[in-house]
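Read-outs: derived from the displayed coordinates by stated rules, not from any lab. If you're wondering where the values come from, they're calculated on a predicted model, not measured in any experiment. Neighbour counts are summed over all protein chains in view; Cβ atoms, including those assigned to glycine, are modelled from backbone coordinates with ideal geometry.
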Amino acid sequence: MNVAWIIALTATAGSLSAGGAPAPAALSCAVATPAARPLVFEPKVGLTPRPVQARGHLELTGCTSPDGTATFLRSGWGSVRATARASCTSARQVRGSAVITWFGANGRPVGTSRLRVRADRLVAQRPADTLLTGSVSAGWLAKERVRGGISPATALLGCATQGMATLPGSGRIVFG
């Protein structure tokens, strides 16, 4: 009788995320840099690849779960920090972390997720997308993959000639 209980408990625990709720198949949120607080790059990103540090905050809103298992996660506030070898059109060796505090329908915090940001190579028009690539290492949605993109509020044409020290923008992030 005890063995059956342990097997049932183990099977149930494996399908739960932090907080005792079922892990969603996928969670999708709109993501944006807060007003007047863009992502910051030091030194600024330029035409040729070089080591860069990135840091900033992200607002996650309108979160939805297609299977309905994460309806309690409505929005979030994230803090991200990473290093990379980056240029205006590519990012490599991206390593960093992020912490997201999740809020429920009533606007109160319901938990956190710790993310490991990691991308070995991205060649794109938006190298900042690598800041939304990785996996959840602990907390809500643990072990889920993370991917997303941030579109800059302004064109990146000036990046090659003047460099880019900040990036205001918005996009979408998906967990799962």
Descending principal axes extents, segment 23-92, alpha-carbon based, whole Å: 44, 26, 16
Estimated translational D of segment 43-175 in µm²/s (Stokes, Kirkwood radius over Cα pairs; 20 °C; 1.002 mPa s): 140 µm²/s
Amide H partners (placed H, <5 Å) of A142, local residues excluded: A18
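Ranking request for peptides 110-116, 43-49: highest mean number of other beta-carbon atoms within 10 Å first, then the rest in descending order. Don't skip to the end; give the middle numbers.
Numbers: 110-116: 18.7, 43-49: 16.1.
Highest mean packing first, the order is 110-116, 43-49.
Give me the extension gain from D67 to K44: residue separation times 0.36 nm, minus the current Cα-Cα distance, reported in nm with one decimal. Intermediate results must be reported in sequence, preceding the final value.
Details: separation 23, 0.36 × 23 = 8.28 nm, distance 4.10 nm.
Extra length from D67 to K44 when fully extended: 4.2 nm.
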